[in-house]
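Everything on this sheet refers to the single structure shown next.
Read the figures in this text as sums done on the coordinates, not as results from a lab. Bear in mind that the values here come from a model prediction, so they are computed numbers and not experimental data. Cβ: placed from backbone, ideal geometry, glycine included. Neighbour counts: every protein chain shown.
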């Protein structure tokens, strides 16, 4: 029998931007500059950037969530600078810039992960704390959802994404339980999935709610979050003007590792083997990494628990 849910809950788009002051400092705002916010959300970071721009400045905001787009349009409406908001995946940032006749930008921001609004809107299926349809789509115009992952992937594929994207040590047991459970009927809701996960994970296991890592893994798979990250970072950096800055906020080690490695690769000069007497690769560093990753201040974490796991990495274009 189909699970029934109550009326669609209409929520105001609430999302508190993490490390807002640090982001502004990192981007070194030019009042007439062009800034690309690749993860617009409710527009919190863009609003702060936009307030530092004059009528010659431009904010370009990209998001794949229509709820975020609508909220940001309202929030940014009163800015003096020009504002362009685009419903798109940041993996297509180059085509967005080309369509807007923008060649080079002064700064770019990525605030990765899931928004507070997406988690708090129960019907979106991102949270293991609410019973809702298995969804987890950031862009609800797409057909592929968590339902497809949980019900269509074979046991080995499920085990792989739970292990790689969730770093779940009981990935094999959980995958097996899911495959066994869906033999009787499709798994349709987050509540059903949580019960299956709980039955597979030993009671003595620590590390928070037993479903946390699996839900993270499924969300990453549904939205292709890690697959598109390196190429998107590279494309954004290559669109920066000399002296332009890129700021990236991550919330878990998988994202942060990709950002760190991408920055390191693009900050490296010669890549010839060490035994070569002279450089023949002509590889040159494109960016300079500006310090180590920063964490949110304790005062911010007290007000916004989501900031606890945040890391900010910054680099400047030099080539």
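Taking the 0 to 90 degree range and rounding to the nearest ten, how far is the long axis of helix 253-266 tilted relative to the main principal axis of the chain, both from C-alpha atoms?
30 degrees
So I have (1) 59, 42, 37; (2) 59, 59, 40; (3) 76, 43, 37, and one of them is Cα extents along the principal axes in Å calculated from this model. Which one is it?
Comparing each candidate, only (2) matches the computed number.
Full extension from residue 28 to residue 183: what is 0.36 nm times the residue separation minus their Cα-Cα distance, to one decimal in nm?
50.2 nm
For helix 190-200, what angle does its Cα long axis make with the longest principal axis of the chain, in degrees from 0 to 90 and rounded to 10?
Taking Cα atoms only, the helix is inclined about 70 degrees.
Can you sort 58, 134 from fewest to most other Cβ atoms within 10 Å of each residue's own Cβ?
Going from sparsest to densest Cβ surroundings: 58, 134.
Using Cβ contacts closer than 10 Å as the measure, can you line up 22, 80 from fewest to most?
Ascending number of Cβ neighbours within 10 Å: 80, 22.
So what is the 222 nm mean residue ellipticity for the chain from helices alone, if each DSSP H run of at least 4 adds -39500 (n - 2.57) and you divide by all residues, rounding to the nearest 500 deg cm²/dmol?
Rounded to the nearest 500, it is -10500 deg cm²/dmol.
Counting pairs of alpha carbon atoms under 8 Å apart in space and at least six apart in sequence, what relative contact order in percent does the chain give?
Once divided by the residue count of the chain, the mean separation gives 17 percent.
Over region 125-223, calculate the relative contact order: mean separation of alpha carbon pairs under 8 Å at least 6 apart, over the residue count, as a percent.
Worked out over region 125-223, it gives 40 percent.
Report the calculated FRET efficiency for residue 278 and residue 301 (r = Cβ-Cβ distance, R0 = 45 Å), to the nearest 0.05. Show your work: numbers first, answer last.
Numbers: r = 50 Å, r/R0 = 1.11.
That gives a FRET efficiency of 0.35.
Calculate how steeply helix 212-223 sits against the longest principal axis of the alpha-carbon atoms of the chain, using the helix alpha-carbon long axis, and give the answer as 0 to 90 degrees to the nearest 10.
On a 0 to 90 degree scale, this one is about 60.
Hey, fewest Cβ within 10 Å first, where do 115, 199 land in order?
Ranked by crowding around the Cβ, least crowded first: 199, 115.
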